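Read the figures in this text as sums done on the coordinates, not as results from a lab. On a predicted model such as this, the values are computed, not experimentally measured, just so you know. In this analysis, Cβ positions are derived from the backbone assuming ideal geometry, glycine residues included, and neighbour counts consider all displayed protein chains.
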Amino acid sequence: MNDAFGLPNSVLVLGGTSDIARALVRELVGGGAKKIVLAGRDPTGLAAAADEAKEAGAASVATLPFDANDVDRAATVVDSGFSAVGRVDLVVIAVGVLYDDEADERDPTRVARCVTVNFTWPAAALSRVAHHLREQGAGRVVVLSSVAGVRVRRSNYIYGSSKAGLDAYARSLNQALAGSGASVTVVRPGFVRSKMTEGRPKAPLEVTPEAVARAIVKGIENGSEVVWSPSAMRPIFFVLGLLPEPLWRRLPL
Amino acid sequence: MPRTARAEAGTDTKTAISKNAPPPPASEERTLSGWGRTAPSAARVVTPDDGNGVLASALLAAGPGDGSRKPGVIARGLGRSYGDAAQSAGGVVVDTRNLGRIGQIDPESGDVEVDAGVSLDALLRVGLQSGWFIPVSPGTRQVTVGGAIATDIHGKNHHADGSFCGHVTSVTLDTPTGVHEVGPDADPELFWATAGGMGLTGIITQARVSMRKVETSWMRVDTERHTGIDSLMDGLVRVDGVNRYSVAWVDCAATGSRLGRGILDAGDHATAAELPAKRAADPLAPPRRRGLRVPNLVPPRIMNALTVRAFNEAWFRKGISRAGQIRHLGGFFHPLDAVANWNLLYGRRGFVQYQFVVGDEHRAVIPQAIEMLQQAGAPCTLAVLKRFGPGDPGPLSFPIPGWTLALDLPVGPAGLRPALRRLDDIVAGAGGRVYLAKDARLEPEMFAVMYPRLGAFQAVRRRVDPEGVLQSDLGRRVGICEHAP
C-alpha cells in the first residue's frame, strides 16, 4: 500500500532498463519500497538493473522480458507484472525509443515502429494497468512523456508526436480514473543525459536521470498530475506554446 | 458515480444466484481516507441496519469478481483513525453507523449492552442522565464503541484505569468462521486479539461496557505551567499519584532551555458538594453540541512553521497555573470536538499523527523526538504527552507502561518522512512502539519489531479467518494480513 506520503511498497516498471527508470527505482527503494518488478527487452540490462535494485535494499526483485513492438502481448505482460507481486502500488511506464528523424522520416516501417514503441504499446499497457488499479481500488501510474510532446517541433516530430499522443492519453486516463482510488502522473523531462541520448551534443537545461527521478518522487508526494524536469521547462513551454505557428516554425529548435 | 451492487448483479448473466439466496445489499463505490486525509482508496461501502449476518452480507456486496482476488472486508465507524485502518482498497467496507442501539444501563454494575456503531458521544449522553460516564475517554467523543475496542483506546486515566477494553465484559464478533461471543472469560485469546486488533479478527457488532458512576458532569482540575520538559515530566509523575486523570500539552516550537515547555492538567470528577451554586442546579448537564465548522475553502498551507509557532506561544501564555477549577467534562476530555471538521485545516495533503510510547527508563526519547522534528524543519501543530500504566493482554494493544507522546504533523516538509523513519528506529530501539490507530506510514519490518507478539495475533487470525477475508489497507501495509494480495 502507498503510505501517507504517497510512496509505494511495491513497484512495477515497464521499461526497467532505461536510465530514468533505474534512477527512480534506486530513489524509491532508498525511500522504503520493497518489492520491485522490472520488465524490459534486454535481458542483460534487466539483470544489471535488478542487481542495482537489490543493492539499494529491495527485498525482492523480479524481472520480466517483453518486446514493446508486440502490441498484442501488452496486456499479458501487465498481467504477469501484477501477479508477480499481488498488489502494485506504483506502475512506471518508461518504455520508449528515440529516433533520428532526418534519416527515419522516409522509412514508413521505422516511423511505425517509433509510434508503436512510444505510444501504441504503452497505451495498450496503460489500459490494462487501469483495469488492475480499478480492481485494487488504489495505486498510481507514472508515465514518462517528454517536453518534445508538449509542442512538437520539426527536428524530432516523429518522436515528439508519439510522445504527444501518449501524454494526451495518460492525462485523459487520469480523469477517467477519478473516484477509483487510482491516479496518473505524467512526467515531462527536458533533454536528459542518458544512454538514449548518447553522442548527442550538449543541450540547454540538460538534466541527469537522477534529477528526473528526484522530481518524480517529489511529484508523487505532492500528488501532482504533471511533473516537469527541470521545473524551468514549465514556464518555457508555456511561452513556446503561445507562439504563433509561423514564428514557431522559424525557431532553430 | 455511485452504483448499487443489486443492479450490477442483475445485469451480470454470469452470476449464478439461486432463487433462495438473499439479494446483495445496497452498496456504493466510495473513496475513503482516515482523519488525516492521506492515502485514499476506493471500496464498496455497505451500511447495514442490523448486526445479524453482517459479514456474509458484505461478501455478497462484493459480487462474484473474477476469482483472482478475494475482496478484503473491514468495518468502519466514524472514520477517526488517522491513517488507513478503516479502509480496504478494492474490497468492502462495512459502515457501522446504523448499528446504534443502546440497552438499559444496569443500575448496580453500570454494565450496558450497546451496538458497535454507537458513538461515545451518544453513550455518555444517555449515561449521564442516570449518573454514568464512559470508563475511558479519548480526545474526541466522535468514535464508535466498535472502533474504541478495535483500537483499544486510552484516555487521560490510563495510569489509573488502563485502556478501554479493560472495561469491556463481552464482545459479539462476526467472523468468517461464525459469530463468536467473547470476553475476558470466554475465549480470552480471541477477545484480547480483538482488543486493539484493528478490526482484523472480525466485525464487532455488539459489546457490553462497564460504565463509571459519577455525581456530576463536571471536573475538578488543577493546571500547572512548566517552562521546560524535565519539569513538565516530573510534574506528570507527581500528579499521577493523586489524580485519576492527567495530561500535558507540549509546545513543540519552543527551543533551547524552553524545549518541551507545556501545560499540565490533572483532575478527577467533581462531587456534587464541590460544585459552585450556579452549577448545582443541573449537576449532570450534558456537553454542548458542537457549533463550529471549518469552511469548505481553506487557504493552502495555513499550518506552517509561522502559524504553528504563534499558536503554541498563545496557548502556552493562556495556561495559567491554578488549582481547583471546575470545568465541564466536555471541555476537559474532548477539546478537539469544539470544531467539527478541524482536520480540513490541514489542506489537500492532510496530516499525520505520530504517537509513540517508550518505557520510563527511556524518557530522554521524548525531548529527542521533539528536537529531531525541529531539526527536520517539520512543524508540529499539537503535541500531547501522557503517562501509561500497565498494558492489557492484547497482542496488538498499544499501551505499555511509560511515556506516550502524540504529535500532529502537517504533510509537506521534505524532511518529515525521513525524520519519522529515524524516529521509528529510536522508538523501536527503546523497546517502544507507535499507535496503529494514528499510523499512516509505518513499514512492515519496523512494525514487526515494535509489536513482537504479532505471531500470536496472526495465529488467532488463522483460527477465525483462515482465508484472510478481513483486510484493511493498514493491515496490508504493515504486514498484519500475511499473504494478502
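A few points about this structure:
- The simple spin-label model puts a point 7 Å past each Cα toward its Cβ; for A:GLU210 and B:ASN52 those points are separated by 6.7 nm.
- Whole-Å semi-axes of chain A's equivalent ellipsoid (Cα gyration tensor): 28, 20, 18
- For chain A, lysine pairs with C-alpha atoms less than 20 angstrom apart, excluding pairs fewer than eight positions apart on the same chain, total 4.
- When chain A is treated as a Gaussian network with alpha carbon springs shorter than 10 Å, the biggest mean-square fluctuation among A:LYS35, A:LYS202, A:LYS218 belongs to A:LYS202.
- Across the alpha-carbon set of chain B, the Rg to Rh ratio works out to 0.97, Rh being the Kirkwood radius.
- In region B:218-441, one over the average inverse separation of all distinct C-alpha pairs is 18.7 Å, which is the Kirkwood hydrodynamic radius.
- For region A:103-181, the spherically averaged projection of the C-alpha convex hull amounts to 5.3 nm².
- With Cα atoms, 0 to 90° folded angle of helix B:365-375 axis to chain B main axis: 90 degrees
- Using alpha carbons only: equivalent-ellipsoid semi-axes of the protein assembly as shown, gyration tensor based, whole Å: 50, 31, 22
- Ignoring lysines fewer than eight residues from B:LYS318 along the same chain, the ones with Cα atoms less than 27 angstrom from its Cα are B:LYS156, B:LYS278, B:LYS386.
- Amide H contacts of A:VAL227 (H built 1.01 Å from N, under 5 Å, at least 5 apart or other chain): A:VAL186, A:VAL187, A:ARG188
- Entry note, region B:218-441: relative contact order of 24 percent, from Cα contacts under 8 Å with a spacing of 6+ residues.
- Between the alpha-carbon centres of region B:203-225 and region B:283-319 there is a gap of 24 Å.
- For region A:184-235, the set of GluC sites (Glu not before Pro) satisfying both a DSSP loop assignment and a count of at most 15 other C-beta atoms within 10 Å is given as A:GLU198, A:GLU206, A:GLU225.
- The distance separating the Cα centre of region A:89-152 from that of region B:94-172 comes to 55 Å.
- Rg over Rh [alpha-carbon atoms, Kirkwood Rh] for region B:113-256: 1.05
- C-alpha long axis of helix A:43-56 to longest principal axis of chain A, angle in °: 60 degrees
- Low-density loop positions, trypsin sites (Lys or Arg not before Pro), region A:52-129 - DSSP coil, at most 12 other Cβ in 10 Å: A:ARG106
- The mean number of partner chain beta-carbon atoms within 10 angstrom of a residue's beta-carbon across peptide A:2-14 is 5.
- Taking a sphere under 15 Å around the Cβ of A:PRO244 and counting the other residues whose Cβ falls inside, with K and R at +1 and D and E at -1, yields a net charge of +3.
- For region A:1-118, a Kirkwood hydrodynamic radius built from all Cα pairs, placed in the Stokes-Einstein relation at 25 °C and 0.890 mPa s, yields a translational diffusion coefficient of 165 µm²/s.
- In order through region A:79-90: 3J(HN,Hα) via Karplus (6.51 cos²θ - 1.76 cosθ + 1.60), integer Hz, x for Gly, Pro: 4, 4, x, 5, 6, 5, 10, x, 10, 10, 7, 9
- Percent RCO, i.e. relative contact order, over chain B, from Cα pairs under 8 Å lying at least 6 residues apart: 17 percent
- Integer Hz, Karplus 6.51/-1.76/1.60 couplings in order for region B:328-345, x for Gly and Pro: 5, 5, x, x, 6, 8, 10, x, 5, 7, 5, 10, 4, 10, 4, 5, 5, 4
- Computed over the alpha carbons of region B:274-388, Rg followed by Dmax gives 18.0, 52 Å.
- Compactness relative to 2.2 N^0.38 Å, alpha carbon Rg of region B:384-452: 1.13
- Pairs of Cα atoms farther than 21 Å apart, region B:50-123, %: 41 percent
- Taking 20 Å as the straight-line reach from the Cα of B:LYS70, the lysines in range (excluding those fewer than 8 positions away in the same chain) are B:LYS14.
- Reported value for region B:320-463: 169 Å³ per residue, from the convex hull of its C-alpha atoms.
- Note: relative contact order over chain A, using C-alpha pairs below 8 Å and six or more positions apart, is 19 percent.
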